[in-house]
């Protein structure tokens, strides 16, 4: 018997019946995926349209680009690929060039496209089963920083779309390298660190001097430095640390590829002791040898030659579009001549096709001598020297750099040791310059910049100490300089989330470790002329002096930390015998010519009031934070090196001495001058532990 077929004409009625049922049933009966909320980044993205689901970084993926976009985007994408490899070494990421790119699941597609507003830093980022990014070249690069921050929090990131661009083009940081030298590798790390937070300007203050009152009130003995290699005046180059021309050129080229502008500053006519020590005749007898004599033709000859050395030729040392000429803090009694000096160096620098930045003092040094406006941007730092409203009325562009908000002067007792981050987050934007507030869309206000000034030369501050101050400030100010007042959360919530982010892929300048304890180090050791075994009743490493050492796999550990170990020194250890070492510091059994346990870093030497006894086991525990370093022996506090002061009776001045230690862990012992003896039960903690007697 033939089966009856189902009448097709009934389908429309069934469909209508089903739709009625769906409409009558409450929505909560059907499970729906929640729309993803806005993810956390620093700075926060401007707009977020949440979707459902997650993008998962694949174990093997592609960065996809069309041939037409390759030339503009390849330098940035090469960096992005390297960053992904550094952050996720087990994954394979390839750069694929495709004439008609069709992204597959897990791919990241980049497309070069102009922003409709003309902002070269804008971008659009769509996160789905694959990732699509489009915008101008620099905008696409900033999108990679956003992705890296999202991936740092989880390798599965929420789907949605981002439209983003900065409110201000200048988002800067000023580092005083004149009074404190920072190695070129530190500057390179800072380029990467700043880029991770989309900071655009790295302003390097390249010459300065210390306070005369800390050097017997004598200009001849007062510390000064000029940090660039000089062929014109070789003796000008600082002997205790400088950058070769090749290093400085390479730094600028590297910074370009990371979206960061290097702004070199040669500060004249004040802050100029480095020049007058070389040519005493150009120093001011009236205002001090840290001031140039503005009436001496020789002054202009020397300073012209200095600027020309770095500006002239087809491949100048100063590669960027802007050069900073200093020009602040000169007596108002010489206003007309000072204005003439200022204008002379604006003309000189602009004559080489550069734009000029300067601190500016045209309110303090009011007068009739004209000072060029076109192509000049002022860092407005103190309204008494340059009134912001008046400077904008004259036509100058401005970078908000107010000292009362944004100046860090480590351990000096004035300005800030650490910035007031909550106050900055809650109240400040680049539109605020001192007590004046401008429209956030004012085109003459180009952005903001915060600064570290190392005024107190010789106070024991290290690069690690400076970074401890800069890191949290960089996070907050990257937020404020990108988006101004448009914060998504209060400061406490921001700070809790910010802990999830560090300095960027491949960087750990703060020496932070994720584990509470780095135990056991003994499982990671690589021994060099050293042996392990059971000695003197304990399992220990035996170091034999000279280059005997063990590699740990860690460079060092930053604040706060505890390092605990048992020590049996043999007889015959000489001066400077090293217990632990790294490029940052050394901990010594015998500090210099003393018998005392101590440490050295960046040319500063400290010792505890304690000598480790020979040929017996002693328990040593060293703890450190951003204020100082403490020694415990057999569970008893021996000494806390913290809060030291240096007095200068002849000037009635005093200077704080910083006695911190970024604990070195790269080597137990040293590649050259290791101690002789045994070390046992080495424990390292990422926090300060209570002392235990034993």
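Read-outs throughout are calculated quantities, based only on the coordinates presented, and are distinct from any laboratory measurement. As the structure is a prediction and not an experimental result, all values here were calculated from the model. Heads up, the Cβs are rebuilt from the backbone with ideal geometry, glycines too, and the neighbour counts pull from every protein chain shown.
Points to keep in mind about this one:
- Fully extended contour minus Cα-Cα distance, from residue 37 to residue 94, at 0.36 nm per residue: 17.5 nm
- Highest average first, the peptides 404-415, 110-121 ordered by how many other beta carbon atoms sit within 10 Å of their residues are 404-415, 110-121.
- Calculated FRET efficiency for the pair residue 441/residue 648, C-beta based, R₀ 60 Å, to 0.05: 0.75
- For the range 521-685: relative contact order, % (alpha-carbon pairs under 8 angstrom, 6 or more apart): 34
- Rounded if a/c under 1.5, otherwise prolate or oblate - the range 521-685, Cα gyration tensor axes: prolate
- For the range 235-347: rounded, prolate or oblate by the Cα gyration tensor [a/c cutoff 1.5]: prolate
- With the highest mean first, a sort of the peptides 662-670, 426-434 on other beta-carbon atoms found within 10 angstrom per residue produces 662-670, 426-434.
- Three-way shape label, the range 178-479, alpha-carbon gyration tensor, a/c 1.5: rounded
- Counting 0.36 nm for each residue step from residue 161 to residue 185 and taking away their Cα separation leaves a gain of 5.0 nm.
- Taking other C-beta atoms within 10 Å as the exposure proxy, 661, 147 rank 147, 661 from fewest upward.
- Inter-label distance for residue 286 and residue 500, nm, one decimal - labels placed 7 Å from Cα along Cα-to-Cβ: 6.1
- Mean projected area of the convex hull spanned by the Cα atoms of the range 47-164, taken over all viewing directions: 6.7 nm².
- Order by protection proxy (mean Cβ within 10 Å, highest first), peptides 301-311, 318-328: 318-328, 301-311
- Mean separation of Cα contacts under 8 Å, 6 or more apart, over the residue count of the range 47-164: relative contact order %: 36
- Cβ-derived FRET efficiency at R0 25 Å, residue 510 paired with residue 638, nearest 0.05: 0.40
- At an R0 of 60 angstrom, the distance between the Cβ atoms of residue 422 and residue 575 translates into a FRET efficiency of 0.80.
- Separation between Cα centres of the range 145-196 and the range 576-641, rounded to whole Å: 36
- Percent RCO, i.e. relative contact order, over the chain, from Cα pairs under 8 Å lying at least 6 residues apart: 10
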